[in-house]
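Below is one structure, written out as structure tokens; the observations come after it.
The values are calculated or read from the model by the stated rules, or taken from the named source; none is laboratory data. If you're wondering where the values come from, they're calculated on a predicted model, not measured in any experiment. In this analysis, Cβ positions are derived from the backbone assuming ideal geometry, glycine residues included, and neighbour counts consider all displayed protein chains. Only protein heavy atoms, including side chains, enter the accessible area calculation; ligands, DNA and RNA are left aside. Shrake-Rupley method; radii C 1.70, N 1.55, O 1.52, S 1.80 Å.
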Amino acid sequence: LEVLVDEGMIENSATLGAYFLDELKKLKTGAVKEMRGRGLMLAIELVEGAGGARPVIEALQARGVLAKDTHENTLRIAPPLVITKDEVDWALEQIAAVLPA
């Protein structure tokens, strides 16, 4: 617990989580039903006809981003608490490249 506080991981999670979610919401695609999150625990829910989350997850993995598909149409994104803004920006580029139109 001391490490979480001493290394500012809680603040990093709050700050970069809000930034990550705000930037995700700027992505223009009709395939997204909802984007939500708290801290660095984020979710992108796809609409029913978008083909499901699994193909998106596999495309992200091929680009070096690990995420989890849940409930068929939802992508769960949970980066490490020590993630940097540059890494968030890179992940956003990868996500934008693979989300269905």
Report the one residue of Ile95, Thr15, Val5 whose Cα lies farthest in the direction of the positive end of the charge dipole of the chain (charges on C-beta: Lys and Arg +1, Asp and Glu -1; origin at the Cα centre). Ile95
I'd like to check one number: the per residue accessible area of the chain, probe 1.4 Å, reported in Å² as a whole number. 61 Å²
Considering the options Leu24, Gly37, Gly51, tell which one lies farthest towards the positive end of the dipole of the chain, charges being +1 on Lys and Arg and -1 on Asp and Glu at the Cβ, about the Cα centre. Gly51
Charges at C-beta only: +1 for Lys and Arg, -1 for Asp and Glu. How large is the resulting dipole of the chain about its Cα centre, in Debye rounded to 20? 420 debye
Ratio of the chain's C-alpha Rg to 2.2 N^0.38 Å, to two decimals? 1.07
